[in-house]
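One structure below.
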Amino acid sequence: MTDTIFAKIVRREIPADIVYEDDDVLAFRDLNPQAPVHVLFIPKRAIASLGDATTADAELLGKLLLAAASYAREQGFEKKGYRTVLNTNEDGGQTVYHLHVHLLAGRRMTWPPG
Ligand code: DGP
């Protein structure tokens, strides 16, 4: 897959407001926030899109979701709730082809999404 802005963030080649990191996952604030809290959880080992993930990535995908849930809990959003989103390819609204989970919190979300 081609290099992306998120791979550059993982390598610390460009700055980001990093809020969480472990061996496999990096999380940083979205540059264009759509909610009071808008954090992106990405695997350090890049996967372009959800459609490119395989069973070998199952644990990594689980870690992304659990990291997002853990951060939301720490930030006090467990009771009120929050939204996690994975945009996939063009119709899904994906613009950066390094798989990422959006965590949106701090306002009431609407459904259906735009
Ligand atoms: P998506 O549309 O699902 O591929 O989401 C990509 C998100 O990434 C979008 O909400 C804006 C954010 N974004 C794009 N470039 C940068 C960047 O350089 N830094 C940060 N922090 N976020 C970025």
Handout entry: Those lysines that a straight Cα-Cα span of less than 17 Å connects to K63, excepting residues fewer than 8 apart in one chain
Key = K44
Fill in the blank from the handout: Residue-normalised 222 nm signal for the chain, counting each DSSP H run of n ≥ 4 as -39,500 (n - 2.57), nearest 500 deg cm²/dmol, is -6500 deg cm²/dmol
Handout entry: Tilt relative to the chain, helix 58-74 - C-alpha long axis, 0 to 90 degrees, to 10
Key = 30
Completion exercise
Across A72, A56, A16, the residue with the highest GNM fluctuation in the chain (Cα network, 10 Å cutoff) is A56
Completion exercise
the range 18-49 and the range 89-107 have their Cα centres apart by a whole-number Å value of 10
Exercise for the section: Indicate the gyration tensor shape class of the range 23-114 (rounded, prolate or oblate), computed on the Cα atoms with a ≥ b ≥ c the square roots of the eigenvalues: a/c under 1.5 is rounded; otherwise a/b larger than b/c is prolate and the rest oblate. Expected result: oblate
Exercise for the section: Assuming a ≥ b ≥ c are the square roots of the Cα gyration tensor eigenvalues, decide whether the range 50-103 counts as rounded (a/c under 1.5), prolate (otherwise, with a/b larger than b/c) or oblate. Expected result: oblate
Completion exercise
Between the residues Y20, V37, T2, the Cα farthest towards the positive end of the dipole of the range 1-48, that dipole coming from +1 and -1 charges on the beta-carbon of Lys, Arg, Asp and Glu, is from T2
Handout entry: Environment charge at L50 (Cβ cut-off 14 Å; Lys +1, Arg +1, Asp -1, Glu -1)
Key = -4
Completion exercise
So, with points 7 Å from each Cα along the Cβ direction, the T55-V96 label distance in nm works out to 3.1
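Each value in this text was obtained by applying a stated rule to the coordinates, not by laboratory testing. Model, not experiment: these values are computed from the prediction. Backbone-built Cβ (ideal geometry, glycine too); neighbour counts: all protein chains shown.
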